[in-house]
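K.L.:
One structure is given below, represented as structure tokens, and several questions about it will come after.
The numbers here are math on the coordinates, done by the rules we state, and not lab data. Given the structure is predicted, the values throughout are model-derived calculations rather than measurements. Neighbour counts run over all protein chains shown; Cβ positions are idealised from the backbone, glycine included.
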Amino acid sequence: MTAAIAGRLPGSAWPQIIQGGMGVAISNWTLARAVSRTGQLGVVSGTGIDTVMVRRLQDGDVGGHVRRALAACPWPALADRVLSKYFLPKGRAPDQPYKRLPMWMANTPTSRQGIGMLAGFMEVWLAKAGHAGRVGVNLLTKVAIPNLPILYGAMHAQADVVLMGAGIPREIPGALDKLSLHEPAALRLDVIGALADDAARWLRFDPQSMGAGTDAALRRPAFFPIIAANSLATLMARKASGSIEGFVIEGPTAGGHNAPPRGQGRFDEEGQPIYGERDVVDLDAIAALGYPFWIAGGSGSPQGLASALAQGAAGIQVGTLFAYADESGMACGVKSQVLRAVRSRTVSVRTDPLASPTGFPFKVVDVQDTLSGDDVYQKRQRICDLGYLRDAYRGEGGAIHFRCASEPVEDFVRKGGSADDAAGRKCLCNGLMATAGIAQTQKDGSVEPAILTSGDAINDIRKILPQARDGYSALDVISYLTGPTG
């Protein structure tokens, strides 16, 4: 049994535009499908997609899309169990909390892994339905534990590309090879204080335990690591565990998590990290590696596309313009509020060095201190009930435990963390779910506030925002990007 593995296609064989894989659920199947149908590369976000799936079910599965996808999956018994537990035909009551999934652990039970697998299948299957365009899935290397089950599900839905950043995904190409053959795959889990011989540092996933019941090999998707340094590109090209097919080169103006500046930490008067020449990727050196590459961060314009092509790139990856398109998964109220602020020039983006519990700089959108603002967020009771961004650490006897800099400070300190490291942290897991319109109602009756992230070029939306309404389509974005540069 052999798998059909995507080859190293020349840059001209790939679309020029990759839609950014924005989580949580901003790059949903609707947006990815709209982009892919234009001939460009639509991308779904796999970050937290298991929670997204069960919350859609608890909101009544409007349109029946989740149930339609699960009816097409190769694990009907598992799909039936998920529907039985989470689907609410009439949806939740307005103040009813969502039923939570158990958190991912170092040794997550097979039943829990299966929910991640179903969710990966669902989102890609819906994005690919009814057209022949390519669809990619974006995951975070940092959020390691769910990745293998989600990838296996996405591969069953025939994902064309896997894109991963927020870390060094050296082991992913080999894992894709294994999963395409339904063979067990493993990823190393970063554990604070781990010893070299700690066997528990490995995350293992066995497709055979899922009962797919097929010997037919899956088509292995292409793999595009998202990198911010030449050294990482060279490492991936030479020492990855399997083949890579291209790179996304992401600069510090991109939304979401940014790589920290190289060298001594310096900050401007607003507390934002300062990036310099050492943080600029040498595109000539990237081109010399012989892979197609796309430039991300501040390139979302006709001029940006033309410049990227002139520098030898296959094209650009664009997030911010697509994030506010009609088809994106951003909650309509949040989207409208930001678009009105863009029109009135009352929106800004700052690179917050503290917001993310990961310790990486994170772009936060502020709308006159009413959306994502610190004043709003400081009223929130700290809680960690989703846990995607927790850090694993070694406890007594080698057991693996978890802590998060955004959980209650006393809990974080009790687990060996520092109170200083907890200061100013936000719960991105809950905040980003809220931005996608699936905010949790907590026990005290409070509703999780939204946290919004975008690239620095958020005000460039004015270039495509029509006068008649606060909205535009994914097709409008494609037309703008591929239009005249004058």
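K.L.:
For the peptides 291-299, 474-482, what is the packing order when you average, over each peptide's residues, the other Cβ atoms within 10 Å and list the highest mean first?
P.N.:
Most protected by this proxy first, the peptides run 291-299, 474-482.
K.L.:
Compute the Kirkwood hydrodynamic radius of the stretch 1-143, taking the inverse of the mean of 1/r over all pairs of distinct Cα atoms, and give it in Å to one decimal.
P.N.:
Taking every pair of different Cα atoms in the stretch 1-143, averaging 1/r and inverting gives 16.4 Å.
K.L.:
For the stretch 413-486, state what percent of all Cα-Cα pairs lands in each successive 10 Å bin, counting from 0 Å until the bin that includes the largest distance.
P.N.:
Histogramming the stretch 413-486 at 10 Å steps yields 14, 27, 29, 17, 11, 3 percent.
K.L.:
Can I ask one more? Normalise the Cα radius of gyration of the stretch 260-330 by 2.2 N^0.38 Å (N = residues in it) and let me know the number.
P.N.:
1.38
K.L.:
Here is a follow-up. With a cap of 12 neighbouring Cβ atoms within 10 Å, and only residues DSSP puts in a loop, list the trypsin sites (Lys or Arg not before Pro) found in the stretch 396-486.
P.N.:
443, 469
K.L.:
Once label points are set 7 Å from the Cα along Cα→Cβ at both residue 336 and residue 303, what is their separation, rounded to one decimal in nm?
P.N.:
Between residue 336 and residue 303, the simple spin-label model gives 3.4 nm.
K.L.:
Report the antiparallel proportion of the DSSP beta bridges in the chain as a percent, rounded to a multiple of 5.
P.N.:
Antiparallel bridges make up about 35 percent of those DSSP assigns within the chain.
K.L.:
State the extension gain, in nm to one decimal, for the chain segment bounded by residue 310 and residue 467, taking 0.36 nm per residue of separation less the distance between their alpha-carbons.
P.N.:
Residue separation times 0.36 nm, minus the Cα-Cα distance, leaves 53.2 nm.
K.L.:
Given R₀ = 35 Å, what would the calculated FRET efficiency be for residue 95 paired with residue 68, taking r from the Cβ atoms and rounding to 0.05?
P.N.:
0.75
K.L.:
What's the ranking of 427-434, 235-242 by average number of surrounding C-beta atoms within 10 Å, highest first?
P.N.:
Averaged packing, sorted descending, gives the order 427-434, 235-242.
K.L.:
Shifting gears a bit: Quote to one decimal, in nm, the extra length available between residue 396 and residue 132 on full extension: 0.36 nm per residue of separation minus the C-alpha distance between them.
P.N.:
89.8 nm
K.L.:
Another question about this same structure. For the stretch 361-486, what is the charge dipole size about the Cα centre, in debye to the nearest 20, if Lys and Arg each add +1 at the Cβ and Asp and Glu each add -1 at the Cβ?
P.N.:
200
K.L.:
Only counting other Cβ atoms within 10 Å, I'd like 250, 270, 327 sorted with the fewest neighbours first.
P.N.:
With the fewest neighbours first, 250, 270, 327 line up as 270, 327, 250.
K.L.:
Within the stretch 391-412, list the residues whose amide N lies under 13 Å from a label point set 7 Å along Cα→Cβ of residue 382.
P.N.:
403-412
K.L.:
For the pair residue 441/residue 459, report the inter-label distance in nm, with labels modelled 7 Å from Cα in the Cβ direction.
P.N.:
4.0
K.L.:
Using the count of nearby Cβ atoms within 10 Å as a rough guide to exposure, how do 485, 358 rank from fewest to most?
P.N.:
Ordered from fewest to most neighbouring Cβ atoms within 10 Å, 485, 358 come out as 485, 358.
K.L.:
Put a dot 7 Å past each Cα toward the Cβ at residue 346 and residue 59; how far apart are the dots in nm?
P.N.:
Spacing of the two 7 Å Cα→Cβ label points: 2.6 nm.
K.L.:
Please arrange 152, 86 by counting, for each residue, the other beta carbons lying within 10 Å of its beta carbon, fewest first.
P.N.:
With the sparsest Cβ surroundings first, the list reads 86, 152.
K.L.:
Please go through the residue pairs 90/379; 178/239; 335/415; 128/426; 335/379 and name each one whose alpha carbons sit more than 28 Å apart in this structure.
P.N.:
Violating the 28 Å limit, Cα to Cα: 90/379; 335/415; 128/426.
K.L.:
Please give the FRET efficiency for residue 285 paired with residue 84, using the beta carbon to beta carbon distance and R0 = 45 Å, rounded to the nearest 0.05.
P.N.:
Efficiency at R0 = 45 Å is approximately 0.25.
K.L.:
Show the residues, 5+ positions off or on another chain, whose built amide H is closer than 5 Å to the amide H of residue 223.
P.N.:
The list, which skips near neighbours in sequence, is 162, 245, 246.
K.L.:
Would you list, by chain and number, the aspartates and glutamates whose Cα falls below 18 Å from the Cα of residue 85, excluding same-chain residues fewer than 8 positions away?
P.N.:
Straight-line reach from residue 85, under 18 Å: 50, 59, 61.
K.L.:
What does the stretch 106-217 give for Rg and for Dmax, in Å, if only its C-alpha atoms count?
P.N.:
Spelled out, the Cα radius of gyration and Dmax of the stretch 106-217 are 14.2, 50 Å.
K.L.:
How would you order 300-306, 351-357, 90-96, 450-456 from highest to lowest mean count of nearby Cβ atoms within 10 Å?
P.N.:
In decreasing order of mean packing, 300-306, 351-357, 90-96, 450-456 become 450-456, 351-357, 300-306, 90-96.
K.L.:
Using a cut-off of 18 Å between alpha-carbon atoms, which aspartates and glutamates can reach residue 463, once sequence neighbours fewer than 8 places away in the same chain are excluded?
P.N.:
Candidates past the 8-residue exclusion: 326, 476.
K.L.:
Suppose a student asked you for the relative contact order of the chain, using Cα pairs under 8 Å spaced at least 6 residues apart; what percent would you report?
P.N.:
The normalised contact order for the chain reaches 17 percent.
K.L.:
Positive end of the dipole of the stretch 222-337, charges at C-beta (+1 Lys, Arg; -1 Asp, Glu), about the Cα centre: which of 246, 332, 271 has its Cα farthest in that direction?
P.N.:
Going by the charge dipole, the pick is 246.
K.L.:
Regarding the chain, what whole-number volume in Å³ per residue does the convex hull of its Cα atoms give?
P.N.:
152
K.L.:
Got a sec? Charge dipole of the chain, +1 on Cβ for Lys and Arg, -1 for Asp and Glu; which of 187, 355, 408 is way out at the positive end?
P.N.:
Final value for the positive-end residue is 187.
K.L.:
For the stretch 373-413 and the stretch 258-275, what is the centre-to-centre distance using only Cα atoms, to the nearest Å?
P.N.:
For the stretch 373-413 versus the stretch 258-275, the Cα centre distance is 24 Å.
K.L.:
Work out the FRET efficiency for residue 419 and residue 217 from their Cβ-Cβ distance, taking R0 = 41 Å, and round it to the nearest 0.05.
P.N.:
Once the sixth-power term is evaluated, E becomes 0.20.
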